Structure formats: structure tokens, C-alpha cells
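Enquirer: Just dropping this structure here.
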Amino acid sequence: MTWILVIHLLFSVPVLAQSIEDAEPGILDNMYVGVGLGYSFFETDVSGAAFSVEDSNDIGARLILGLDSFRNLSFELSLNDYGSAGLSPAGDVDYTSIALSANLYITPKNRPVHLGYSTIFKVGVEAFKMSTLVAEVGDVSSQFTLGVGFEYAWNNGFAVQGNAQTLYKEVGMFSVNLLYRLDYEPQNIQVAKPRVNDFDADGIMDEADQCPKTQPRRAVDD
């Protein structure tokens with residue numbers, strides 16, 4: 001099921017981005033979409049059941065919709081399929097969730113945000129569901145989630161993230177996410193030019209010039 005979701009997400013996001021870009025100007029300001037692929041790990045609670053956990057890792061995927069609300073703060077909604085934990089002697093437990101999180105970006109002061117490297121701290125809550133045919137394994141309704149990661153953003157709206165994220169219990173995931181900011185405007189790092197105090201460009205600094213306000217390159221006498 002996870003691989004079907006991954007393939008669907010990879011083909012759906014470009015179509016979604018294009019359809020949103022064709023909408024009215026303004027609604028795309030500061031929005032981004034993305035897909036992610038990760039390696040999940042589980043701590044499935046089967047205490048009191050006639051089963052044991054045989055496989056506690058799987059491949060997961062996520063679909064992301066976000067909003068860069070402030071310079072260093074983003075809010076993100078994600079649909080997550082963490083994959084399945086295998087049980088012995090038979091069966092498995094599927095983990096899915098819908099999450100809402102706040103992402104804090106730490107970037108150097110002299111560089112525009114979402115350009116180059118950034119460190120990300122994530123905190124949020126997930127509406128979390130465990131699906132299984134094993135009746136003894138129950139559901140978890142909601143959990144807090146914490147995460148940390150790094151992002152590298154290019155000057156064309158694309159960015160790649162590496163994240164480590166864990167819920168309060170049961171599941172966590174290491175993931176790589178590809179993002180695209182829909183209404184991104186290219187940003188360039190401007191290097192300030194040193195100021196030369198020679199208003200009239202006569203080769204004499206204003207501090208020593210007896211006529212510093214002469215029109216540039218206009219001849220004057222001694």
C-alpha cells in the first residue's frame with residue numbers, strides 16, 4: 001500500500017502545483033507543496049495479545065501542504081502513511097495519520113530565509129490511526145510529534161529536507177522531503193559595495209576636497 005501511495009504522490013504533486021498556479025493571483029503567496037519518502041520504526045504495543053512484533057520497520061511516505069507565515073515560521077499539514085509493523089504468527093498493523101505542525105527555521109541573519117541551508121525544529125499534533133485485523137491491538141486517537149531536520153533551498157522555489165521525527169509513542173520516521181514553493185520569487189544575496197567618499201569623482205576624497213559638491217567630472221581651477 002505504501003508504494004502505491006508513493007507513486008500516486010509523485011505523479012499527483014506536479015499536477016496539483018500546476019492547477020493551483022493557474023488559480024487567481026494572490027492565493028499562492030507563501031504556500032508550498034511536497035512529497036516525502038522515509039524509513040519508519042515502530043514500537044507496537046501488543047501486551048496482553050497472543051501476538052508478537054516480528055518486523056518493526058517499513059517504508060513510509062507523506063504528502064505535504066505548507067504555509068510560510070512569517071520569516072522563520074511555517075505551518076504545515078501533512079498526510080502520512082508510515083507503513084506496517086509485521087506481527088507473528090500472522091497479520092500486521094498499518095499506521096496512518098493527518099498532522100498539523102509548526103516549523104521554526106534557523107538561518108544566518110545575512111541570508112534570505114528559504115535560500116541555502118537552514119536548520120528546522122518541528123512541533124505538532126497528529127490524528128493517528130492504527131488499522132489491523134488483530135482485535136487485541138487498539139487505536140491511538142492523537143499524539144504530539146517532535147522533529148528536527150535540515151533544509152537546502154535553491155533559488156528557483158525547490159528545496160530538499162532531511163528530517164528525523166517521532167511521535168509520543170508507537171512510531172517515528174527518518175524522511176527525505178522534496179518541496180516546491182508555489183509563488184517563490186528568486187532572491188539574490190547582495191554584497192554591499194564599499195562607499196567611496198568622492199562625490200565629484202576628481203580623485204580627491206571629500207574630506208580633503210575644497211569643492212566636494214562640484215558636479216562629477218566637471219573641470220575646476222586650482
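Enquirer: I'd like the carbon and sulfur percentage of the solvent accessible area for region 66-116, probe radius 1.4 Å, heavy atoms only, ligands and nucleic acids excluded. Before the final figure, lay out each step's value.
Expert: Numbers: 1550 of 2200 Å².
Of the solvent-accessible surface of region 66-116, carbon and sulfur hold 70 percent.
Enquirer: Quick check: from the Cα gyration tensor, does region 59-102 come out rounded (a/c under 1.5), prolate or oblate?
Expert: Judged from the Cα gyration tensor, region 59-102 comes out prolate (a/c at least 1.5, a/b above b/c).
Enquirer: In sequence order, what are the phi-derived ³J(HN,Hα) couplings for region 121-133 according to the Karplus relation 6.51 cos²θ - 1.76 cosθ + 1.60 with θ = phi - 60°, rounded to whole Hz, with x for glycine and proline?
Expert: Those phi angles translate into 10, 10, 9, x, 9, 10, 7, 10, 9, 10, 10, 7, 8 Hz.
Enquirer: Sequence-distant or interchain residues sharing an amide H contact under 5 Å with residue 182, placed H: which?
Expert: 31, 32, 33
Enquirer: All other residues with a Cβ under 14 Å from the Cβ of residue 166 taken together, and with Lys, Arg as +1 and Asp, Glu as -1, what is their net charge?
Expert: Result for the local shell: -1.
Enquirer: What FRET efficiency comes out for residue 43 versus residue 205 if R0 is 41 angstrom and r is the Cβ-Cβ distance? Round to the nearest 0.05.
Expert: Approximately 0.05, to the nearest 0.05.
The values are calculated or read from the model by the stated rules, or taken from the named source; none is laboratory data. Every value quoted in this text rests on a predicted model; they were computed, and no experiment measured them. Cβ coordinates were reconstructed from backbone atoms using ideal geometry, including for glycine residues, and neighbour counts include every protein chain displayed. Side chains are part of the model used for accessible areas, which takes the heavy atoms of the whole protein and leaves out ligands, DNA and RNA. Shrake-Rupley method; radii C 1.70, N 1.55, O 1.52, S 1.80 Å.
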